[in-house]
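The values are calculated or read from the model by the stated rules, or taken from the named source; none is laboratory data. It should be emphasised that the depicted structure is a prediction, and the values quoted were computed from it without experimental measurement. What goes into the accessible areas is simple: the full protein's heavy atoms, side chains included, and nothing from ligands, DNA or RNA. Shrake-Rupley method; radii C 1.70, N 1.55, O 1.52, S 1.80 Å.
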Amino acid sequence: MTFREQLITVAVIILATLIMRFLPFVIFPDNKPTPKFIQYLGKVLPGAVFGLLIIYCLKNVSVFSGSHGIPELIAIVITGALQLWKKQMLLSISVGTISYMLLVQFVF
């Protein structure tokens with residue numbers, strides 16, 4: 001890639017990022033009510049993303065070999081308990097991920 005092509009690529013990425021950041025404020029201004037469908041998505045998508053992450057993370061876990069899925073199970077329990085307690089998805093996912101990595105590296 002030439003230097004000019006690199007500059008064009010970076011400019012397109014910056015432009016796309018700015019458009020994606022400001023587009024929701026243009027489409028849904030403060031003076032208009034948020035459509036019911038968007039409110040519905042705001043309620044169901046966090047749980048759907050959580051479920052998707054669980055399925056993706058467990059797709060290659062074998063209970064018949066290695067650590068038998070024990071670190072994964074412990075991390076899921078920690079993540080779920082923290083989510084029920086604090087109700088902050090970013091915190092729950094971060095602590096669950098960190099606990100899983102610590103279990104895999106130092107315990108199992």
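Points to keep in mind about this one:
- Here segment 41-104 is treated as a sphere whose radius is the Kirkwood value from Cα pairs; by Stokes-Einstein at 20 °C and 1.002 mPa s it diffuses with a coefficient of 174 µm²/s.
- Reachable aspartates and glutamates, given that their alpha-carbon falls under 12 Å from the alpha-carbon of residue 59 and they are not under 8 places away in the same chain: 72
- Whole-percent carbon and sulfur share, accessible surface of segment 11-108, 1.4 Å: 75 percent
- Accessible area per residue for the chain, computed on protein heavy atoms with a 1.4 Å probe, is 84 Å².
- Summed over all non-identical Cα pairs, the Kirkwood treatment of the chain gives a radius of 17.7 Å.
- Degrees separating the helix 36-58 axis from the principal Cα axis of the chain, which is the longest one: 40 degrees
- Theoretical gain in end-to-end length, residue 94 to residue 22 [0.36 nm per residue, Cα-Cα removed]: 23.2 nm
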